[in-house]
1. Restricting attention to region A:91-128, report how many residues are without any contact (Cβ under 8 Å) to a residue 60 or more places away in the chain, buried (at least 20 other Cβ atoms within 10 Å of the Cβ) and touching a Ser or Thr at 6+ places or on another chain (Cβ under 8 Å).
2. Within region B:138-146, does at least one residue satisfy the condition of being away from chain A (no Cβ under 14 Å), more than 19 Å from the chain's Cα centre (by Cα), of a type in the set (V, I, T) and more than 27 Å from B:G459 (Cα to Cα)?
3. Provide a single number: the residues in region A:29-53 that are within 20 Å of A:V100 (Cβ to Cβ) and touching a residue at least 24 places away in the same chain (Cβ under 8 Å).
4. Looking only at region B:358-378, which residues are out of contact with any Asp or Glu (no Cβ under 7 Å at 6 or more places or on another chain) and more than 11 Å from chain A (Cβ to nearest Cβ)?
5. Looking at A:T448, is it facing another protein chain (nearest Cβ under 7 Å) and buried (at least 21 other Cβ atoms within 10 Å of the Cβ)?
6. Filtering region A:389-415 down to residues that are of a type in the set (A, V, I, L, M, F, W, C) and either closer than 27 Å to A:A456 by Cα or in contact (Cβ under 8 Å) with a residue 60 or more places away in the chain (or both), which residue is surrounded by the most Cβ atoms within 10 Å (Cβ to Cβ)?
7. Looking only at region A:11-20, decide whether some residue is at pLDDT 70 or above and on the phi > 0 side of the Ramachandran plot.
8. Of B:T303, B:T329, which residue is in contact with a Lys or Arg (Cβ under 9 Å, 6 or more places away or on another chain), closer than 30 Å to B:I253 by Cβ, more than 7 Å from every other protein chain (Cβ to nearest Cβ) and touching a residue at least 12 places away in the same chain (Cβ under 8 Å)?
Amino acid sequence: MRRVFRAVPELSLVPRPPHRENLSLHVVGLALLFLVPGMLIATLVEWGSLTSDGERPLLVAALITGTVGMILFAGFGPPDDVRPSDVFPVVVWTWLSCSVLGALPYVLDADVLGWSQWDSALFESISGFTASGSTVLTDIDSHGRGLLLWRQLTQWYGGMGMVVLAVSVLPLLGVGGQELMRAETPGPESDRLAPRISGTAKRLWLVYAGLTAAIAVALFAVPGVSLYDAVAHALSAAGTGGFSPYGGSIGHFESLGAELVMATGMIAGAMSFSLHYRALRGDWRAYGRARDQMLFLKILASATMVITLLLWVRQGASFGLSLRDAFFNVVTLATSGGFHNIRPGGLGDFAAWTPPAQVVLGVLMLIGGGAGSTSGGMKVFRAQISAAHALRTVRLARRPRSVVPVKLGGAVIPEPTVGRVLGFGTLYIMSFGVGTLIVASLGADPVTAVSGVISALSNMGPALGEAGPSSDFTVFARPARLVLAGLMIVGRLEITAVLLGAAVIVRHLLRRH
Amino acid sequence: MRAAADPPARRGSTAKRTPSRASTDLALWASGWATVACGGGLVLSGLVGLAERAPAAALVGLGVGCGAAAGFCVRRARVPSRPPPMAIFTAACSAWFMMIALSTVAYLLTGATGSLPDAIFESVAGFATTNISVLSELESLPVAVLFWRALTQWLGGFAALALLAAALPLHVSALVLPGDNAGLPDRASAPPFGTQLRRIAIVYCIVGGLCAAAYAIAGMGSLDAFGYAFTTVSTGGFGNHPGGLGYFDSTAIESVATVFMALAGVSVVTLWWAVRGRWGVLWRSFELRAYLLVLAVGTAVVTALTWSDGDPGALRRAAVTVTAASSSTGFEPAGWSGWSWGAQTLLVALIATGGMAGTAGGGFQMRRAIAAARYAYRELVTEIHPHTVHVVKIGRRSVGERPLALLNGFQILFAVAVLAGIFGLSLAGMDLWAAAGAAISALATMGPAPGADLGALGGVERSVLAVLMALGRLAFFPLVVVAGGAVTGMRRLLAAERSNGRRARS
C-alpha cells in the first residue's frame, strides 16, 4: 500500500503564485539561495583582507547561485501530495546542485584551480559539503582569506545539511518534511523537538549555530588564535568537517589549548543535537539516557588509552606526549573530524604510527559518532545493534526454536529497525568493496585505497598510507578522486538515500521516454 | 543431526537422557569416527612409506592402535536420535580437535617437526585445509609424512562437508543438499545424515580420483598425483614440493589444477546431481552461474591488469591464481606480490568471497553473498514501501527469515574476526597490507596472501592465524557456541562452588 502524504495548502496565508509542481527543484532553489549569504560573507572577508584580490570570483559565484536559486525556487513549487519515494530525489538533487554551484569559486579563480581542474574543484566542494575534509588544494596558506572562509562555510552548511535548512523554512510540506529530514539526517531516526517539523529543523539549526559560536568564542580565548581563525575553525569543528585555512591544520597553532577546544567541539558535534537541545532546556540527564552516546564517549576513552599505550611502549614517546596526540587524533578520527596536529616534536602524523594503532583508528573511522549528529561513519547505534544481533544469532544457533529480541539497555529494538541496520551494513560493505577495487585499480596502493575509501564513506578527511594527514588526496589519480567524491556523498546520505534517489530519478526518466 | 539419528536409533532410547549426556555421547561418537578415519589414513600413509622403503612403521603402529581403540569405542557409543544443536557443535569441535591431536602425535613421532607448537600448527593448517606451513624443507621429509600431510587436508575437507550436512537443520551453513525442495531445508525435507554423507563421499572420491588421474596424465609421478589431488579437491593447497604448482613448470598440470580447483569450489549438491546425470541442475543453479561469472570476470580483469608486463602467459597465470583464490585452494601463485595493486586487491576480495556454499572451501561464500545482497535490496525497497512483503530469493528459491538472521550474524562475526585478526597480526609486527591479506586468507582457509610473507612466523602470528583458521573452517557458529557454552558452564560451576562454600560456612 502506498502511503500518501497530503500537504495542507489551505493553511497558507500567502497566496501562492502559479507554478509548476516539482518538489526537487523547489527545494534545490531554496538550498541554493541559502548558499548566497555565505558566498557574500566570504566576498566581504576577501575584500576586507587586503591580502589578495579574489573577491570577484566569489561575487560572480554568488550572483550565479542566487539567480539559479531564485529561478528554481520561484518557478517551481511543492506538489500537494508528497509520497515517500519523492523525498529521495530531492535530497540527491539538492546535494548535487549545491556541490556543483559550491565549486564555482574554485573554478572561477584561475589562481586556485581554474576550469581545467573542474574535477578537483568538484572534489573540494563535495569534500566540503559532506564535511569530509579531504583536500586536493596544495599550498593552502597561499589562497585568499575569503575563499578559504567559503571552504570552511561549505563544511558548516553540509554539517547539519542543506535539506534540513530548507525544511526549516518550508511550512507546507507536512509529513513529507519529516521524511525529507530523515533521508538527510545521519542516524536511524530523526527526533521530533517541536510539533511541526519545520520547528524541529529550526531548533536543530539554532543549536548548531549556538555550538559554532561557543567553539569560536572558546577558541578566540586561546592565545595566538585570531578572530578569523577562531570562526573559521569553529565552522568546520561544529560540522566535524576537518578543513582548516592553514596547511598545518590545528598543528599550526602549536597550542594544547586550541587542541582541547577543538576536540571538545568535535565531540559535541559528534553527539546528537536533539540531546544538546534538551540539555539546553534543562534536561541534562538526557545524555545519560542515550546509551549510544554514552557508549561513544566510552569508545573514545578506551581507544585513547589503547593508542596511548601503543605510542608510549612501541614508539618510545613520553607518556604525556603520547596521551596528548592519542587523544586529539582519536577524537578527530572517531568524530570524523579530520583535523590534524602535526607540529615539530609531536606525534601528529597518525599515518606513521605503529600498525596496530592505525588499525584502531580505522575501526574508529568505521564506527563514527552518535546518531543525529554531524559526524560520519556507520554510527555507534548501528554498531550496537549489529553486535546485539550477532550475539542473538549465536543464541539462535544454539536454541533454534527460541525467539530472541534485540535489546539495547533493556528496550527491545523493533525488527524493522534491526533489518534496516543490517541492510545498511551490507550496503556499506558493498560500497566499500566496489570503491576499494576501483580506487586500487586506478593505481593506489591497498592501504591508501582501503583507508581512502573508508575515509570517504565516513566523511573523515585524511586517510592512512600515502594519503595521510601530512599529505593530501592528490596522491589519488583524477578519476579515483571522482569516485571518492561520489563515495563521500554516498556516505553522507547514508547510502540508502542516494541509491533510492538514483533509482527514482532513473525510473522517472525511463517513464518519460 | 539426522546423521547421528539413523544408525544410532537401534542403540536405545534417548528420552531419559539429559542434554549434557547427549552432548558427551555424540562427542565421543564423532571423535571416535574421526579417530578411526585418521587411523586409516595413518596406516595408509605408513604403507605408502613402506612401499617406498622409507621408515614408516611408527605411523602404521599409531594408526592401527588408535583406529582399533576408537573403533571399539564407536561400537559401544550410544548416540541420541535427535541431538540438540549444542551436542552437534560439541561433537564437531571435539572430532576436529581429536584429528589435530592425532596428527600432532604423528608429526612428533616421525620427527617431521622439531617442536610441539610446530606440529600443532601444521596439523591445524592441514585439517583447516589452509596452506600455511611451518615445514621448510619439504624435499627432505619422508614420503609417508608428505602423504599424511596431504591426507590431513583431504580428511579436513571431508570433515568440513560432513559438518555442513550435520548442521544442516540448524540453518547455520546456508546450504542446500539433495532432497531439498524449498530452499533451505528443515529437518523434514533433508535426507538422513547417513545418506548425505554417502553421497558426499561418492562425489568427493570421484572428483578426487579423476583429479589424481588427470595429474598423472599431465606428467606427475603417482605419489605427487595423489598428494596434489588430495589437496586440490579439498581446497587445501599443501604441496609435496616448495613453490606451489610453479615447481612443475607445466601448462598441462596448471590447467588440470585450474579445472579441479574450480570444481572443488562447486557445491557437492550440484556435483551430485551432475554425477546422477541431471545436467539441467547445473544450468538452473543461480549460485553456480554467479560463481562461474566471478571466475570469468576475475580472470579477465586480472589478465588485463597484469597484461602490461608483456607476458604471453598472463591469461594462464591469471586463471590459475583467480581460481585458487576464489575456491580458497591455497596453491601459492608465483610472483603475485609483484602484481599491480588493483590485481592484488581484487585477489584478496576474491579470497574473502570464496566459492559456492556446500564445498570444502572457505570464505564468505557465494550463496551468502547473494542472499546478503538480496536482503539489502529488500531493506531498500521497504524504505519506499514500508508495508510490502518481500521474500528474499536465490534463483527461484525463497530463503526463510531465520537463515537470513543467521546469515547476517555470520556476516558481522566474519567482519569482526577480520578486524581482530588484522589487529593481532599487526601487533605481532606485520605491516597493514600483509596483516589484512593474511587475516582474510587464513579466515577463508586459503593461506597465502599477496604481500604477506608467511615463511617465518612468530608465536603470536601463529596463534592468531590458527584461531582464524579454526573459525573459518568450522564456520564460526560451532566454535563460538561451544566456547560460549564452556564459559557459561564455568560460571555456573564457580557460582555453585561459591554457594556451597557459603552453605558450609553457615
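1. 6
2. Step one: of region B:138-146, the residues away from chain A (no Cβ under 14 Å) are B:138-146.
With more than 19 Å from the chain's Cα centre (by Cα) added as a condition, the list becomes B:138-146.
Then drop every residue that is not of a type in the set (V, I, T), which leaves B:143, B:145.
Narrowing further to those that are more than 27 Å from B:G459 (Cα to Cα): B:143.
Scanning region B:138-146 turns up at least one residue that is away from chain A (no Cβ under 14 Å), more than 19 Å from the chain's Cα centre (by Cα), of a type in the set (V, I, T) and more than 27 Å from B:G459 (Cα to Cα).
3. The number of residues fulfilling the criteria is 12.
4. The initial filter retains those residues of region B:358-378 that are out of contact with any Asp or Glu (no Cβ under 7 Å at 6 or more places or on another chain), namely B:358-365, B:368-369, B:371-378.
Scanning region B:358-378 gives B:G358, B:T359, B:A360, B:G361, B:G362, B:G363, B:Q365.
5. no
6. So in region A:389-415, the residues of a type in the set (A, V, I, L, M, F, W, C) come out as A:390-391, A:394, A:396-397, A:403-404, A:406, A:408, A:411-413.
Add one more test, that the residue is either closer than 27 Å to A:A456 by Cα or in contact (Cβ under 8 Å) with a residue 60 or more places away in the chain (or both), and what stays is A:390, A:408.
Values: A:A390: 20, A:L408: 15.
In this case the residue turns out to be A:A390.
7. no
8. That would be B:T303, the only listed residue that is in contact with a Lys or Arg (Cβ under 9 Å, 6 or more places away or on another chain), closer than 30 Å to B:I253 by Cβ, more than 7 Å from every other protein chain (Cβ to nearest Cβ) and touching a residue at least 12 places away in the same chain (Cβ under 8 Å).
The values are calculated or read from the model by the stated rules, or taken from the named source; none is laboratory data. A quick note: this is a predicted structure, and the numbers were derived from the prediction, not measured. We place every Cβ from the backbone using ideal geometry, glycine too, and count neighbours over all the protein chains shown.
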